[in-house]
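S.K.: Mind having a look at this structure? Questions to follow.
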Amino acid sequence: MRENKILLIEDNSDDEELTLRALKKGQFSATVDVVRDGAEALDYLFCRGTYAKRNSKDLPRFAFLDLKLPKIDGLEVLKQIRANPATIYLPVVVFTSSQESRDINAAYSYGANSYIVKPVDTTQFTDAIKQVGQYWLTFNEKL
Amino acid sequence: MKSLTSLFSASGFMPHGHCYLWNGPLVWTMVSSDFLIGLAYASISICLYLLVRRIKLPFSGMFLAFGLFIAACGLTHFMEIYTLWIPAYWVSAFVKIVTAVASVMTAIWLFPLMKRIMRLACEVKVSDERRVMLEDLTSKLRAKTVSLEAVNQELEAFCHSVSHDLRAPLRSMMGFSNSVLDDFGDKLEPQARADINRVINAAKKMGDLVDGLLNLSKLTRGDILNVPVNLSQLVSGIATDLQATAPQRQVSFVIEDDLIVRGDPHLLQAALVNLLTNAWKFTGKTENARIEFGKKDEDKAFVYFVKDNGVGFDMQFSNKLFGTFQRLHPEREFPGTGIGLATVQRIIKRHGGEVWAHARVSEGATFYFTI
């Protein structure tokens with residue numbers, strides 16, 4: 001059976017580390033691939049550039065998407081994911097510090113599956129990630 | 001008595017043309033000039049009449065007299081043409097008398113009116129100056145509005161970035177401090193663990209402050225609605241929510257019904273939540289806690305109040321009550337950021353009202369506001 005993969009699109013190394021530790025605590029049988037800017041995220045998903053050799057059928061089960069990304073902004077990445085038939089159904093969980101309603105509205109209008117504000121409190125942060133992981137890996141049916 | 005027809009007859013006078021020796025060019029010059037003058041006067045007097053009728057000019061009586069005088073003048077010129085051939089000089093004289101009377105009347109009427117006319121001209125000038133000043137003020141106001149809108153936009157951008165940028169490092173501070181405790185806690189001295197806990201709590205506190213500030217600024221940006229709001233209903237809802245947070249607490253709420261004001265429901269809800277949460281919090285140590293909401297009639301204005309019988313505060317510090325982050329009680333006794341009342345004040349001020357408080361230590365506090 002193909003291994004479960006989670007894609008973490010995050011530019012902040014502290015948040016990256018905390019997310020990885022939280023996912024480890026969830027003890028999911030999944031590997032996590034990390035990309036650190038919008039351009040790298042699209043290269044990964046569309047199998048081009050440094051990721052040209054990646055198997056295009058090997059999509060992650062879901063992706064955590066931060067909104068503030070260098071090179072290509074998170075919302076733009078989301079737009080392109082939904083525009084490409086290869087990735088149109090990829091579950092995307094927007095995971096960001098921003099609580100601004102204009103960001104929330106924009107994310108949903110571009111097709112985010114869910115929008116989660118990164119909690120400052122560590123326990124809440126870990127809980128959020130564990131629950132998201134469990135939902136998309138365990139409960140949600142794979143396409 | 002000469003009849004009208006005999007007036008028009010020659011009566012032995014010579015036609016005026018004889019004076020000109022019937023010199024062709026001279027006669028026709030006179031005729032054409034008199035004709036044109038007569039026509040012009042007729043047209044001017046018709047215009048004056050129409051003006052007076054349509055526009056209702058001031059001094060319309062004088063204008064009408066003037067118009068009559070011009071019409072009569074015109075008629076004298078037409079008579080000059082007539083008498084060139086038909087010497088009806090008595091008719092001509094009659095027309096001239098009418099003209100004389102009209103001219104003299106106009107002249108006499110005009111003199112006393114000069115003062116009024118000059119005053120009117122002055123008023124027009126003043127009103128024009130005022131208009132110019134008003135236009136100037138309006139354009140200044142417009143410029144000010146544009147710059148205020150720019151400031152508002154900057155504020156929004158600032159809040160947006162605070163939203164992102166301040167929270168992330170706080171998260172890191174808390175996250176990695178917790179990691180140290182989780183992974184190495186058992187290897188640490190109790191003092192070390194306590195110190196790291198202080199770091200974690202400080203980060204948590206800062207998170208609350210950032211949230212409080214963001215909410216405060218969010219509440220006071222944007223347009224404010226002006227619709228009927230049932231304060232009594234809002235308070236009842238908040239009371240129910242508060243009771244649900246601690247069902248074991250016995251607090252009696254006394255809420256006056258049907259208190260309706262005009263304002264922004266969202267903002268007023270936030271203000272009442274703050275006031276009632278404070279009342280709830282500061283009656284935490286009071287047996288038989290009682291929280292009241294109602295209205296007082298005071299000098300034509302309605303004053304609304306939230307009253308509690310909790311721990312109260314010392315009135316000598318009351319001027320600090322509404323300051324941002326100001327607290328009158330120690331954090332460990334009554335937790336809080338100190339931003340709730342600053343929020344209430346800002347909301348009430350935006351509604352054009354005032355908020356103030358009276359209290360006695362250990363006897364409770366009453367917060368009053370007008371809208």
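The values are calculated or read from the model by the stated rules, or taken from the named source; none is laboratory data. In this text, all values refer to a predicted model and were calculated from it rather than measured experimentally. A quick note on method: Cβ atoms are made from the backbone with ideal geometry, for glycine too, and the neighbour counts reach across all protein chains shown.
S.K.: Can you name every residue in the stretch B:149-175 that is more than 34 Å from the chain's Cα centre (by Cα) and more than 7 Å from chain A (Cβ to nearest Cβ)?
M.R.: B:Asp165, B:Leu166, B:Pro169, B:Met173
S.K.: If you don't mind, another one. Is it the case that some residue within the stretch B:231-243 is among the small types (Gly, Ala, Ser), within 14 Å of another protein chain (Cβ to nearest Cβ) and under 33 Å from the mean Cα position of the chain (by Cα)? Let's see the steps before the verdict.
M.R.: Taking the stretch B:231-243 as the starting set, the residues that turn out to be among the small types (Gly, Ala, Ser) are B:232, B:236-237, B:239.
Subset that is within 14 Å of another protein chain (Cβ to nearest Cβ): none.
For the stretch B:231-243, residues among the small types (Gly, Ala, Ser), within 14 Å of another protein chain (Cβ to nearest Cβ) and under 33 Å from the mean Cα position of the chain (by Cα): absent.
S.K.: Could you please let me know if A:Glu16 is within 18 Å of A:Thr122 (Cβ to Cβ) and acidic (Asp, Glu)?
M.R.: Numbers: within 18 Å of A:Thr122 (Cβ to Cβ): yes; acidic (Asp, Glu): yes.
So A:Glu16 passes the test.
S.K.: Here's a follow-up. In the list B:Glu149, B:Glu129, B:Glu156, which residue meets the criterion of being at pLDDT 90 or above and acidic (Asp, Glu)?
M.R.: Values: B:Glu149 fails: at pLDDT 90 or above; B:Glu156 fails: at pLDDT 90 or above.
That would be B:Glu129, the only listed residue that is at pLDDT 90 or above and acidic (Asp, Glu).
S.K.: If you don't mind, there's one more thing I want to ask. Going by what's in this entry, would B:Leu134 be described as assigned to a helix (DSSP H, G or I), at negative phi and in contact with a Gly (Cβ under 6 Å, 6 or more places away or on another chain)? First the steps, then the outcome.
M.R.: Numbers: assigned to a helix (DSSP H, G or I): yes; at negative phi: yes; in contact with a Gly (Cβ under 6 Å, 6 or more places away or on another chain): no.
No; evaluated as a whole, the condition is false for this residue.
S.K.: Of the residues B:Leu259, B:Leu276, which is closer than 24 Å to B:Leu209 by Cβ and either out of contact with any Cys (no Cβ under 7 Å at 6 or more places or on another chain) or of a type in the set (A, V, I, L, M, F, W, C) (or both)? Working first, answer last.
M.R.: Working: B:Leu259 fails: closer than 24 Å to B:Leu209 by Cβ.
Just one listed residue meets the conditions, B:Leu276.
S.K.: Across the stretch A:1-33, what is the total count of residues that are more than 20 Å from A:Ile72 (Cα to Cα), acidic (Asp, Glu) and in a strand (DSSP E or B)?
M.R.: So the count comes out to 0.
Per-residue answers, yes or no, for (1) among the basic types (Lys, Arg); (2) under 30 Å from A:Thr96 (Cβ atoms); (3) surrounded by 10 or more Cβ atoms within 10 Å (Cβ to Cβ); (4) in contact (Cβ under 8 Å) with a residue 24 or more places away in the chain:
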site	(1), (2), (3), (4)
B:Arg130	yes, no, yes, no
B:Thr138	no, no, yes, no
B:Gly175	no, yes, yes, no
B:Val180	no, yes, yes, no
B:Asp195	no, no, yes, no
B:Val199	no, yes, yes, yes
B:Gly212	no, yes, yes, yes
B:Lys218	yes, yes, yes, yes
